[in-house]
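The values are calculated or read from the model by the stated rules, or taken from the named source; none is laboratory data. Keep in mind that what you see is a predicted model, and the values were worked out from it rather than measured. Glycine gets a Cβ as well: all are built from the backbone with ideal geometry, and neighbour counts include every protein chain shown.
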């Protein structure tokens, strides 16, 4: 029997790899109790493009973790991890490692100042290491600089009316009078850039980067208005100087406008995070010959239907005709809706005799127990002639 273990992390409790190991122990226990042979367990811990994506991709592909010293959101030097995947030519980057909100103390959060320059330096480090395909997760940013800092680190130039380079951070957006990319790193022309992006926000306007995400990053109402005007100016310059119109493209407003710069300047493709991760780990290939998929996350609810990792796994499993079971920290929502997505069973760590606090404290043991129970029930309903 072949079982794929493809959970996301249980935040504040277990990493995705830890969840997979606990599920594997439970599945093996259930098979032994049913008198079945030890199952072939395929560990494919996943992420949705946010925190933990690099670690999951490196583990799933037999790659290696790398580090680079880059510019942090406020200009300080930070050590940022990234990954070279097992093929030796694909790099995985989380922009939050270089330009993320957790790197900025709450009392210093100011998107007029914070920059994505370090994200560009991470991309350059990946190019230096031989990467010719780059996967970038852009969640968790501290910035609303339209991705200008990232592009500057890669050789693009954003000049004011006097011909000077504009300052880093959102404050420089309104000063941009010309965009030049003649010195953009030439290696990018031979590099495919894929971006894990699960938001559909445009660059500007009431649903844009400044209005929706600016306050989360410390922007005052006056700063939100100034940032939105600056992003409009950036969009106009990209149209006039480069002939690239990304202002209204869904996802352009992601990560404070980094999505726009990646599309306009690096010709990047924005894709749902879970799809990018599943493709990179060759999930569909692993489904061949599988009897069951176990996945999971901290909470399975109606929001999970909108691009969350577990439902992405369930949909692929459904399309391949492989049953999928979810083990979640807690459950809410319509079971029928989950079944339509391919989830044949869902189990919660939280139960009548298990509080949320206890579930978090004993997550590994409970994941193992719920997985054993779910697999036991699956086996009981399966023809006994199956090994």
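Tabulated results
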| quantity | calculated |
| --- | --- |
| The stretch 261-301 - residue that is modelled with pLDDT of 95 or more and assigned to a loop (DSSP other than H, G, I, E, B) and, of those, surrounded by the most Cβ atoms within 10 Å (Cβ to Cβ) | 268 |
| Out of 68, 81, 131, 98, sole residue that is touching a strand residue (DSSP E or B) at 6+ places or on another chain (Cβ under 7 Å), assigned by TED's automatic domain parsing to the domain that holds residue 254 and assigned to a loop (DSSP other than H, G, I, E, B) | 131 |
| Complete set of residues in the stretch 22-43 that are out of contact with any strand residue (DSSP E or B) (no Cβ under 6 Å at 6 or more places or on another chain) and either touching a residue at least 24 places away in the same chain (Cβ under 8 Å) or not assigned by TED's automatic domain parsing to the domain that holds residue 309 (or both) | 22, 25, 26, 29, 30, 31, 33, 34, 36, 37 |
| Candidates 114, 119 - the one that is in contact with a strand residue (DSSP E or B) (Cβ under 9 Å, 6 or more places away or on another chain), surrounded by 23 or more Cβ atoms within 10 Å (Cβ to Cβ), part of a loop (DSSP other than H, G, I, E, B) and modelled with pLDDT of 95 or more | 114 |
| Candidate set: the stretch 15-30, residues that are crowded, with 24+ Cβ neighbours inside 10 Å, closer than 21 Å to residue 277 by Cα and touching a helix residue (DSSP H, G or I) at 6+ places or on another chain (Cβ under 7 Å); chosen: the one modelled with the lowest pLDDT | 16 |
| Only one of 212, 249 that is surrounded by fewer than 21 Cβ atoms within 10 Å (Cβ to Cβ) and part of a helix (DSSP H, G or I) | 212 |
| Test: residue in the stretch 325-333 that is in a helix (DSSP H, G or I) and modelled with pLDDT of 95 or more | no |
| Which listed residue is over 15 Å from residue 6 (Cα atoms), within 26 Å of the chain's Cα centre (by Cα) and surrounded by fewer than 20 Cβ atoms within 10 Å (Cβ to Cβ), from 353, 319 | 319 |
| Considering residues of the stretch 215-246 that are within 19 Å of residue 195 (Cβ to Cβ) and part of a loop (DSSP other than H, G, I, E, B) only, the residue nearest to the chain's Cα centre (by Cα) | 246 |
| Single residue of 313, 326, 350 found to be in contact with a strand residue (DSSP E or B) (Cβ under 7 Å, 6 or more places away or on another chain), free of Cβ contacts under 8 Å to residues at least 24 places away in the same chain and within 21 Å of residue 16 (Cα to Cα) | 350 |
| Those residues of the stretch 28-65 which are farther than 25 Å from residue 87 by Cα and not in a helix (DSSP H, G or I), in sequence order | 34, 35, 36, 37, 38, 39 |
| Failed item, numbered, when residue 237 is tested on (1) surrounded by 24 or more Cβ atoms within 10 Å (Cβ to Cβ); (2) touching a strand residue (DSSP E or B) at 6+ places or on another chain (Cβ under 8 Å) | (1) |
| Within the stretch 302-316, tally of residues that are assigned to a helix (DSSP H, G or I) and within 14 Å of residue 275 (Cβ to Cβ) | 8 |
| Condition check for residue 173: on the phi < 0 side of the Ramachandran plot, surrounded by fewer than 23 Cβ atoms within 10 Å (Cβ to Cβ) and more than 22 Å from the chain's Cα centre (by Cα) | no |
| Failed item, numbered, when residue 139 is tested on (1) under 18 Å from residue 115 (Cβ atoms); (2) at pLDDT 95 or above; (3) in a loop (DSSP other than H, G, I, E, B) | (2) |
